[in-house]
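Inspection log for the structure reproduced underneath, given as structure tokens.
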Amino acid sequence: MSGQAIDEKQLIGTGLKKRTEEALANDFLRKAVAFTTDKLRTGKRQAMDDFGHWEEWRERARAIRKHVVENLDYYLTQFSDNVAKTGGHVYFCQSGEEAVRTFLDIAEKRRAKLVAKGKSMVSEEIHLNHRLEEKGIEAIETDLGEYILQLAKETPSHLIIPAIHKNKQQIADIFSAESGESFAPETKVLAGYARQRLRNYFLEADIGLTGCNFAVAESGSITLVSNEGNGRMVSTLPKCHVVVMGMERLVPSYDDLEVVLNMLARSATGQKLTTYTSMITGPRREGELDGPEELHVIVLDNGRSAQLGDPVFQEVLHCIRCAACLNVCPVYRHVGGHTYGSVYSGPIGAVLTPLLQQDMKEAGQLAYASSLCGACYEACPVKIPLHDMLVQLRARKVKLGLTPLAERVAFKTYQTAFGNVTLYRMAAKSVYYLQKPLIRKGYIKQGIGPLAGWTQSRFLPMKPKKSFRERWEELQRELKAQGRPGSGASAQGGDRA
Amino acid sequence: MRVSLFVTCLADMMYPDVAESVVRLLHRYGCEVDFPELQTCCGQPAFNSGYQDEAREVARNLIRAFEHSDYVVSPSGSCTGMVHHYYPQLFANEPEWKAKAEAFIEKTYEFTQFLVRVLGVEDVGAYFPEKVTYHPSCHASRLLGIKEEPQVLLSNVKGLEFVDLPHKEDCCGFGGTFAVKMADMSEAMVCEKVANVCATNASVLVGTDMGCLMNIDGRLNKENKPMRVMHIAQLLEEGVKRGERTGD
Amino acid sequence: MSQGTIRGREAFIANLSSRLGRQGPPAEAPRHPYRGVPDFYKEIERTTEEKIEWFVNSWEALTGKTLIVDEAEAPARVAEWLVEIAKELGVKNVSRWEHEGLKALGLDAALQAAGIGVVPWVPVEEEGGANAGSAAGEAAASQEADSSNWAKRSELLKRTERCELGIVWPDYAVASTGTLVLQCSPQRGRSVSLLTSILFAVFRADQLVNRMGEAFAAITAGKRHPLDYASSLNLITGPSRSADIENDLTIGIHGPGKVYAVIIK
């Protein structure tokens, strides 16, 4: 019985309501999410103002990403040729399963027991950690927030700052449980422990695993950004470096890299640049005394190519994973990342998850987790029209016949009633009479059917007896009596600016 | 100048006073206002829920209704935004209707947009000595780019003490069917909006969209926090009357 | 350098091309009219003095410290500052790039005079040479090796890891962001700017560029083959940091938490 309840909650669509309720009941989470997103939002605004010409920058960034995605076949070919020329190995994997098996092969060849991971959303997308666990390979998340969550056996609630839902006491408890020592809930103490503990993993790991913020096609370089330095650590110390990259995370040249780097840090946190931005071109060279001896790059499709050639959704591949959309989304603000039930949350997650998983039935429900306010589009540094895409996802659901019968009937009725003024007038009249039993002191406080969703938290005003169009004749008479249009204003002396 | 009123189904059915204020103000500034009877709705409720075919038929009726109008003015940033932003896409596969839609878009304005940009009116000579805060509706500001017009109009109202609304750019939680379909999320959003509105200590909340205002007002009433919630046309009209009375 | 390999590309790319409505990828590089930064940004050009100020403001805003010296007094003053910092922070060993400029400053002598060890980035004789032959020594070594990867690493790496301060000479510095640009080489290890808790960088004012793209352009100029690129190009903008613990900012988590820059005019 309880097993069934757990399963349902994990279903992206079916469990959405339950996850929403849980999130809304979690005061600490809500405060943390609001505080974090306010901070990041403000940081971005300041950075935008300081930088100047933001709309021009957005347009340039959009043009570059568009160009790459439209020519992905060319640039991935160029990129992989160049990686191979440096002695690196490239594996093109169409499915997540293929990517996981590829990584396991590499790990096996290296007899790897310990993998140190830099932050990689793609590795979470393919559930790599779970598979490594099955094989008895220890995989440690080295991004501080991800490390905390790994110990707590939880998933991230924000793309950039994953553990915002944890307070210092909780983190202290998590570290205590791990180490057997007790820690004061003070940032300095906790960070100090993490530094020392993770350092050991950096030194001992057989494989360093990272994602890739931007690959550079012209040189075969991989760009990694981090503030903590863990990205540098895992791509420098272990003898084997494996990169897992979404196939669209590419720019043609270093010239273009400058543009996207300028946009990424500013949009994500309001910084000009993250502390560490590293461009890795192949494994260590002859004569070098540090750096990995082996470089492997796993290029992942996993549902991305399904968006190519789709005039509506291809643009979703332009995303640079800055999370600016999360930071302005009023829905995300209240429910946090877990509510979305998937690796990618917020507005980008609501669009990407159904598309990548090619699942409009369950994941497609995320398209409704939005009031279509458009803040995400406004914030996006590469101008992805996420608000339009959400509506288009809903349209796709309708076309696939995946919406409830009652809803389809309701909108067909709407088309009939509102497509014709006579029927519309009849409908308006009947609303007036139908509402009567529900009205208390001029309001409907307890709605029935779909209205119950409204009255759960609001009063609904009553429909007045006469619609505007029934009062129009009288209004016309009133205006005629006033005289010619404009005569009132000149007499009054109101300005025409 | 002939102007046709696009009343919107919401104002027509629920807020006829707002539409009347719009008409009176337009009349005041030399517009001969007519009301094409065939109009019903812009189709947004169906469109936003993904029912594009149904929305298209309702939109078709709206375009027909205004075929002979010179200017079309609406008291809703949301409905005007629907027309501007989505009609070309709705009729993308019908060249004849796409052209009609584009012609319709060319002449259709939201009320404050029309007042300020077309009629060139920034000061209606209003007197409204109250503390007022303004909620910028998402569609008006983001789909139509209406950022300054309402502020300009309000700034010229004598006696009006303007208080900025904290987190004003955050959606109020209406979103049409979102309010009932995702009731929990909508509730959280409207509660925060109401908290921000009350924090201003304003006596009046003003806006350009009755959908938003109905939503916020509905919550204010449930929380028993009475506050006047007005469409900007109503505020300006009342201000004009008060101005006339005091002879300002 | 052995040739790398590519697996699974044919079907993968064929799928992409097909979805993009073509037989295969274009033979020639596609026209890319929006390459790089907008023109107004390219036109930013400041004088050396302005760039110095710009860099210092950016660097210090991130808690970095700077020292500006004239070329003539550089050796004395840089060494003085370095030793002062090292003493203040209890530094016992310093790692440094094997860089001509750094050597010319005579920093080694100053450090050693202050009783601080120097680990230059050059290969080191493996430790335990005296015990290498003994069975006990070998057994101990292999036991250690079995349990620890790090123990099997080079002596240089191990010594560098134990240093508290690392000295580098960047190839460029970006004024607009307060960024050091470092390319690695056999004499310039990545680890020197990474493993210690203090970073000490020295560069000349004429190495300052306005924006990172200028550094990129200089670095990519004339390169024909990916092997022409350094295997690791690092942009370092201030100290390592994290706000993952309840949004509270921590400076210095994995990389150096204290960063110092010397600009030689």
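The values are calculated or read from the model by the stated rules, or taken from the named source; none is laboratory data. It should be emphasised that the depicted structure is a prediction, and the values quoted were computed from it without experimental measurement. Cβ atoms come from the backbone with ideal geometry, glycine included; neighbour counts cover every protein chain shown.
Within the range A:253-271, which residues are in contact with a helix residue (DSSP H, G or I) (Cβ under 6 Å, 6 or more places away or on another chain) and facing chain C (nearest Cβ under 10 Å)?
Passing the criteria: A:Tyr254, A:Asp256, A:Glu258, A:Val259, A:Thr269, A:Gln271.
Taking the range B:25-51 on its own, how many of its residues are buried (at least 22 other Cβ atoms within 10 Å of the Cβ) and touching a residue at least 24 places away in the same chain (Cβ under 8 Å)? Give the steps one after another, and end with the answer.
Step one: list which residues in the range B:25-51 are buried (at least 22 other Cβ atoms within 10 Å of the Cβ), which gives B:25-29, B:31, B:33, B:39-44, B:46-51.
Checking which are touching a residue at least 24 places away in the same chain (Cβ under 8 Å) leaves us with B:25-26, B:28-29, B:31, B:33, B:39-44, B:47-49.
Residues in the range B:25-51 being buried (at least 22 other Cβ atoms within 10 Å of the Cβ) and touching a residue at least 24 places away in the same chain (Cβ under 8 Å): 15 in total.
Would you call A:Ala191 at pLDDT below 95, outside any loop (DSSP other than H, G, I, E, B), closer than 30 Å to A:Met263 by Cβ and in contact with a strand residue (DSSP E or B) (Cβ under 8 Å, 6 or more places away or on another chain)? It would help to see each step written out before you state the result.
Working: at pLDDT below 95: yes; outside any loop (DSSP other than H, G, I, E, B): yes; closer than 30 Å to A:Met263 by Cβ: yes; in contact with a strand residue (DSSP E or B) (Cβ under 8 Å, 6 or more places away or on another chain): yes.
It is true that A:Ala191 is at pLDDT below 95, outside any loop (DSSP other than H, G, I, E, B), closer than 30 Å to A:Met263 by Cβ and in contact with a strand residue (DSSP E or B) (Cβ under 8 Å, 6 or more places away or on another chain).
Looking at A:Lys399, is it within 15 Å of the chain's Cα centre (by Cα) and more than 7 Å from chain B (Cβ to nearest Cβ)? Break it down stepwise before answering.
Values: within 15 Å of the chain's Cα centre (by Cα): no; more than 7 Å from chain B (Cβ to nearest Cβ): yes.
So A:Lys399 does not fit the description; no.
Just to check your reading of the model, which residue among B:Gly125, B:Gly145, B:Gly175 is modelled with pLDDT under 95 and in contact with a Cys (Cβ under 8 Å, 6 or more places away or on another chain)? Working first, answer last.
Numbers: B:Gly125 fails: in contact with a Cys (Cβ under 8 Å, 6 or more places away or on another chain); B:Gly145 fails: in contact with a Cys (Cβ under 8 Å, 6 or more places away or on another chain).
One residue alone meets the criteria, B:Gly175.
What are the pairs, 6+ residues apart or on separate chains, where a residue within the range C:153-178 that is more than 13 Å from every other protein chain (Cβ to nearest Cβ) has its Cβ under 6 Å from a residue that is part of a helix (DSSP H, G or I) and charged (D, E, K, R)?
Within 6 Å, no pair qualifies.
Just need a number here: residues in the range B:164-190 that are more than 10 Å from chain A (Cβ to nearest Cβ) and over 20 Å from the mean Cα position of the chain (by Cα).
Going through the range B:164-190 one residue at a time, the tally reaches 1.
Report those helices (runs of 4 or more DSSP H) wholly inside the range C:32-127 carrying at least 3 residues which are touching a residue at least 40 places away in the same chain (Cβ under 8 Å).
C:48-61, C:74-88
With the condition kept exactly as written, say whether any residue in the range A:127-135 is more than 27 Å from the chain's Cα centre (by Cα) and touching a residue at least 12 places away in the same chain (Cβ under 8 Å).
Within the range A:127-135, one or more residues are more than 27 Å from the chain's Cα centre (by Cα) and touching a residue at least 12 places away in the same chain (Cβ under 8 Å).
Given the range A:413-495, what helices (runs of 4 or more DSSP H) lie entirely inside it while holding 3 or more residues that are exposed (fewer than 15 other Cβ atoms within 10 Å of the Cβ) and among the aliphatic types (A, V, I, L, M)?
Those helices (runs of 4 or more DSSP H) span A:421-434.
Results for (1) part of a loop (DSSP other than H, G, I, E, B); (2) more than 7 Å from chain A (Cβ to nearest Cβ), shown as yes or no for each residue.
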| position | (1), (2) |
| --- | --- |
| C:Val202 | no, yes |
| C:Asp206 | no, yes |
| C:Asn234 | no, no |
| C:Thr250 | no, no |
| C:Ile253 | yes, no |
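So in the range A:42-70, with the set limited to residues that are aromatic (Phe, Trp, Tyr) and in contact (Cβ under 8 Å) with a residue 40 or more places away in the chain, which one is nearest to C:Val37 (Cα to Cα)?
A:Trp57
Of A:His296, A:His338, which residue is assigned by TED's automatic domain parsing to the domain that holds A:Arg284 and not hydrophobic (A, V, I, L, M, F, W, C)? Break it down stepwise before answering.
Details: A:His338 fails: assigned by TED's automatic domain parsing to the domain that holds A:Arg284.
That would be A:His296, the only listed residue that is assigned by TED's automatic domain parsing to the domain that holds A:Arg284 and not hydrophobic (A, V, I, L, M, F, W, C).
Output the residue which, of all residues in the range A:368-389 that are at the interface with chain B (Cβ under 9 Å from one of its Cβ atoms) and part of a helix (DSSP H, G or I), is farthest from B:Gly81 (Cα to Cα). Lay out the reasoning, then the answer.
Going through the range A:368-389, the residues at the interface with chain B (Cβ under 9 Å from one of its Cβ atoms) turn out to be A:368-375, A:377-378, A:387-388.
Keeping just the survivors that are part of a helix (DSSP H, G or I) gives A:368, A:375, A:377-378, A:387-388.
Values: A:Tyr368: 20, A:Ala375: 15, A:Tyr377: 15, A:Glu378: 15, A:His387: 13, A:Asp388: 13 Å.
My answer is A:Tyr368.
Pairs please, first residue from the range A:404-426 and not assigned by TED's automatic domain parsing to the domain that holds A:Lys463, second anywhere and surrounded by fewer than 16 Cβ atoms within 10 Å (Cβ to Cβ) and outside any helix (DSSP H, G or I), Cβ atoms under 7 Å, 6+ apart in sequence or on different chains.
A:Val421/B:Glu37; A:Val421/B:Leu38
Give B:Glu238, B:Glu244 a once-over and let me know the one that is at pLDDT 95 or above, of a type in the set (D, E, K, R) and out of contact with any Cys (no Cβ under 9 Å at 6 or more places or on another chain).
B:Glu238
Quick grid of which residues meet (1) within 14 Å of another protein chain (Cβ to nearest Cβ); (2) in contact with a helix residue (DSSP H, G or I) (Cβ under 7 Å, 6 or more places away or on another chain); (3) surrounded by 15 or more Cβ atoms within 10 Å (Cβ to Cβ); (4) farther than 16 Å from C:Phe203 by Cβ:
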residue	(1), (2), (3), (4)
C:Arg22	yes, no, no, yes
C:Tyr34	yes, yes, yes, yes
C:Glu45	no, no, no, yes
C:Ser58	yes, no, yes, no
C:Leu67	no, yes, yes, no
C:Pro75	no, no, yes, no
C:Glu88	no, no, no, yes
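Just checking, which of A:Glu124, A:Glu108, A:Glu97 is without any contact (Cβ under 8 Å) to a residue 40 or more places away in the chain and under 24 Å from the mean Cα position of the chain (by Cα)?
On inspection, the qualifying residue turns out to be A:Glu97.
Conditions (1) of a type outside the set (A, V, I, L, M, F, W, C); (2) within 13 Å of chain A (Cβ to nearest Cβ); (3) crowded, with 24+ Cβ neighbours inside 10 Å; (4) not in a loop (DSSP other than H, G, I, E, B), marked per residue:
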position	(1), (2), (3), (4)
B:Glu192	yes, yes, no, yes
B:Asn196	yes, yes, no, yes
B:Ala202	no, no, no, no
B:Asn215	yes, yes, yes, yes
B:Lys225	yes, yes, no, no
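Report whether or not C:Asp244 is of a type in the set (Asp, Glu) and part of a strand (DSSP E or B).
yes
Residue-wise test of (1) at the interface with another protein chain (Cβ under 10 Å from one of its Cβ atoms); (2) in contact with a Gly (Cβ under 7 Å, 6 or more places away or on another chain).
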residue	(1), (2)
A:Leu144	yes, no
A:Gln150	no, no
A:Thr155	no, no
A:Ala163	yes, yes
A:Gln170	yes, no
A:Asp173	no, no
A:Ser176	no, no
A:Ser179	no, no
A:Ala191	yes, no
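Please work out which residue is nearest to the chain's Cα centre (by Cα), limiting yourself to the range A:200-209 and to residues that are surrounded by 17 or more Cβ atoms within 10 Å (Cβ to Cβ) and more than 7 Å from every other protein chain (Cβ to nearest Cβ).
A:Leu209
As an exercise: evaluate A:Leu159 against (1) part of a loop (DSSP other than H, G, I, E, B); (2) surrounded by fewer than 23 Cβ atoms within 10 Å (Cβ to Cβ); (3) touching a residue at least 40 places away in the same chain (Cβ under 8 Å) and give the number of the one condition it does not meet.
Every condition holds for A:Leu159 apart from (2).
Taking the range B:164-190 as the region of interest, how many residues are in contact with an Asp or Glu (Cβ under 8 Å, 6 or more places away or on another chain), of a type in the set (D, E, K, R) and assigned to a helix (DSSP H, G or I)?
Total meeting the criteria: 1.
Considering each of B:Val132, B:Val152, B:Val118 in turn, give the residue that is at pLDDT 95 or above, under 27 Å from B:Tyr29 (Cβ atoms) and within 11 Å of chain A (Cβ to nearest Cβ).
Every option except B:Val152 fails the conditions.
Just to be sure before I move on: is A:Tyr368 among the aromatic types (Phe, Trp, Tyr) and closer than 15 Å to B:Ser49 by Cα in the structure I sent? Write out each step before concluding.
On the way: among the aromatic types (Phe, Trp, Tyr): yes; closer than 15 Å to B:Ser49 by Cα: yes.
For A:Tyr368, the condition - among the aromatic types (Phe, Trp, Tyr) and closer than 15 Å to B:Ser49 by Cα - is met.
The conditions are (1) under 30 Å from B:Arg142 (Cβ atoms); (2) at pLDDT 95 or above; (3) facing chain B (nearest Cβ under 7 Å), and A:Trp472 fails exactly one of them. Which is it?
(1)
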